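Heads up: the structure comes next, in structure tokens.
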Amino acid sequence: MATRNPQIPSASSETFTPDRLIAGVNIGPVTEDATLVSGQNLTRGAVLGRITASGKLTLSTSAANDGSETPYAILAEDTDASGGDKTCTVYVAGEFNANALTFGTGHTATTAATVAALRDAGIYLKNPVAA
């Protein structure tokens, strides 16, 4: 019996548009459910930090001082939490295309502290080579 790959939407119910966020399968993408703190409308690929006091996630910025300054996860799907906290799915491990990520102020795919924090979390950034 064939099993459906959860990374690929069903052709009969959705249109799949590759965004090249996933950049490898040596370390398969690992997801978990989380809470995106209210006041944000973020797209798939946003690099998130975890607020220590609440455990909620927010776009990670290097100037934050609530724990979210350390990158923790990558948003797996567009999530609108502008009207209140929202449950979302995040990647907590895997290989990702550095060019497909959205970084908060002070973070980049080449900032040593950002790369090290993501690597410590099990997230590896790749720079794909064009064919």
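Throughout, read-outs are computed from the coordinates displayed, never taken from laboratory work. Keep in mind the model is a prediction, meaning the values are calculated, not measured. Here the Cβ is made from the backbone with ideal geometry for all residues, glycine too, and neighbour counts use every protein chain on show.
What translational D, rounded to a whole number of µm²/s, comes out for the range 57-98 from Stokes-Einstein when the hydrodynamic radius is the Kirkwood one over Cα pairs, at 10 °C and 1.306 mPa s? Kindly include the intermediate steps, with their values, before the conclusion.
Details: Rh = 11.7 Å.
Value of D from the Cα-based Kirkwood radius: 136 µm²/s.
Per residue, how big is the convex hull around the C-alpha atoms of the range 32-126? Give it to me in cubic angstrom, could you?
Values: hull volume 7.6 nm³, N = 95.
Each residue corresponds to 80 Å³ of Cα convex hull volume.
Just the Cα atoms of the range 25-82: what Rg and Dmax do they give in Å?
Cα radius of gyration and Dmax of the range 25-82 are 11.4, 35 Å respectively.
Please state the charge dipole magnitude for the range 32-126, taken about the Cα centre, from unit charges on C-beta atoms (+1 on K and R, -1 on D and E), reported in debye and rounded to the nearest 20.
180 debye
Considering only DSSP beta bridges with both partners in the range 29-123, what is the antiparallel share in %, to the nearest 5?
Looking only at bridges with both residues in the range 29-123, the antiparallel portion is about 85 percent.
Once amide H atoms are built 1.01 Å from N in the peptide plane, which residues 5 or more positions from Ile27, or in another chain, come under 5 Å H to H?
Amide H neighbours of Ile27: Glu95.
Long-range amide H contacts for Gly67: which residues qualify at under 5 Å (H placed 1.01 Å from N, peptide plane, sequence gap of 5 or more or a different chain)?
Correct list: Thr52.
Place +1 on the Cβ of every Lys and Arg and -1 on the Cβ of every Asp and Glu in the range 32-126, take the dipole about the Cα centre, and give the residue among Gly67, Asn97, Ser54 whose Cα lies farthest towards its positive end.
In the range 32-126, that residue is Asn97.
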